[in-house]
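The values are calculated or read from the model by the stated rules, or taken from the named source; none is laboratory data. Just so we're clear, the structure is a prediction, and the values are computed from it rather than from any experiment. Heads up, the Cβs are rebuilt from the backbone with ideal geometry, glycines too, and the neighbour counts pull from every protein chain shown. We work out accessible area using only protein heavy atoms, side chains counted, and drop any ligands, DNA or RNA first. Shrake-Rupley method; radii C 1.70, N 1.55, O 1.52, S 1.80 Å.
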Amino acid sequence: MSDELLVRREDGFVEVTFNRPERRNAFTRAMYAELRDLCAELAEDTTTRALVLRGAGGKAFAAGNEISDFVDTDAVAYENWIRELLEALFALPQVTIAAVDGVCVGGGLAVATHCDLRLATPGSRFGYPIARTLGNALNASVVYRCASVFGESLTREMLLTSRLVAADRAYAVGALLAVTDDLDGELATVLDGLRAASGVTLRATKSQLHARARAAEAAPRDDEALLREVYTDPDFTEGVRAFLAKEKPAFR
């Protein structure tokens, strides 16, 4: 693994730290590729009980994707490639936990909602402000997963108003297991419980819930065509240009 994705293995669990604090841990293509490789490895691992994901620096879990990665690429193909990673993360036999300390938006929220459990510090915030910042769209399955975790009303608020949801509101709707100033202590308690639990029960339950989610959250047939329409629209071109130039986008 690179210095941007730190992996620690200890006593039945794997901890991954997104390590780009100077960029609020925004995901690069290389980070996604490394996480994808790790998911492929864990899918065959019968000894690891849990995977913990967290961000470095105390300001963000992950603040979306590295926008420069969208330049000179097929954006729809890139989104689909990311979606495949999210599906692999969601299907892991291990219990997956997002330990959120700070901003969790865009690609960061997609990763967190594809985990089984989420913990957060009181100042953490969640959202998809893409209508204001980039002018792109999400895969339908990613939108549906967010709605399953946060509920439809908050998902609409995130995407349609670009507002970020505070940790206390996320906890109130069941999107978070806990909101705590002692993230490490709460995480340790959860991991102790998983170590004492029946691995057979955990895997069977995850399999059942995964089957339910796949049926309920399947994307419509025309979703890729819709995404391609969005990613070839001048608004997206303007969003990328403005973001990289650190300017406010002038959407149509």
(message) Can you confirm whether residue 137 is without any contact (Cβ under 8 Å) to a residue 24 or more places away in the chain and either over 17 Å from residue 35 (Cα atoms) or not polar (S, T, N, Q) (or both)?
(response) no
(request) Go through the stretch 54-74 and give me each residue that's touching a residue at least 12 places away in the same chain (Cβ under 8 Å), outside any strand (DSSP E or B) and under 15 Å from residue 28 (Cβ atoms). (result) 56, 64, 66, 67, 68, 69, 70, 71
(message) Can you tell me which of (1) touching a residue at least 24 places away in the same chain (Cβ under 8 Å); (2) touching a Leu at 6+ places or on another chain (Cβ under 8 Å) is the one residue 173 doesn't meet?
(response) (1)
(message) Any residue that is under 22 Å from residue 204 (Cβ atoms), within 15 Å of the chain's Cα centre (by Cα) and not in a helix (DSSP H, G or I) - is there at least one of those in the stretch 27-45?
(response) no
(message) residue 214 - would you say it is within 15 Å of residue 146 (Cα to Cα), at pLDDT 95 or above and out of contact with any Leu (no Cβ under 9 Å at 6 or more places or on another chain)?
(response) yes
(request) Scan the stretch 210-250 for residues that are within 19 Å of residue 68 (Cα to Cα) and open to solvent by 70 Å² or more (accessible area, probe 1.4 Å) and report the count. (result) 11
(message) Looking only at residues that are at pLDDT 95 or above and open to solvent by 50 Å² or more (accessible area, probe 1.4 Å) in the stretch 8-18, which one is nearest to the chain's Cα centre (by Cα)?
(response) 8
(message) For the list (1) of a type in the set (A, V, I, L, M, F, W, C); (2) under 21 Å from the mean Cα position of the chain (by Cα); (3) part of a helix (DSSP H, G or I), I need the number of the one condition that residue 175 fails.
(response) (3)
(request) Return the total of residues in the stretch 118-127 being among the hydroxyl-bearing types (Ser, Thr, Tyr) and either modelled with pLDDT under 95 or surrounded by fewer than 24 Cβ atoms within 10 Å (Cβ to Cβ) (or both). (result) 1
(request) For residue 190, work out the one condition from (1) over 20 Å from residue 83 (Cβ atoms); (2) without any contact (Cβ under 8 Å) to a residue 40 or more places away in the chain; (3) aliphatic (A, V, I, L, M) it doesn't fulfil. (result) (2)
(message) Restricting to the stretch 137-195, name every residue that is surrounded by fewer than 18 Cβ atoms within 10 Å (Cβ to Cβ), of a type in the set (D, E, K, R) and in contact with a Lys or Arg (Cβ under 9 Å, 6 or more places away or on another chain).
(response) 195
(request) Please find, within the stretch 94-117, the residue that is nearest to residue 162 (Cα to Cα) out of those that are in a loop (DSSP other than H, G, I, E, B) and open to solvent by 30 Å² or more (accessible area, probe 1.4 Å). (result) 101
(request) Look through 122, 220 and report the one residue that is in a loop (DSSP other than H, G, I, E, B) and within 22 Å of residue 88 (Cβ to Cβ). (result) 220
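Can we say residue 83 is in a strand (DSSP E or B) and either within 17 Å of residue 29 (Cβ to Cβ) or basic (Lys, Arg) (or both)?
Numbers: in a strand (DSSP E or B): no; either within 17 Å of residue 29 (Cβ to Cβ) or basic (Lys, Arg) (or both): yes.
No: the conditions fail for residue 83.
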(request) Consider residue 77 carefully, then state whether it is free of Cβ contacts under 8 Å to residues at least 40 places away in the same chain, of a type outside the set (Asp, Glu), outside any strand (DSSP E or B) and buried (at least 17 other Cβ atoms within 10 Å of the Cβ). (result) no
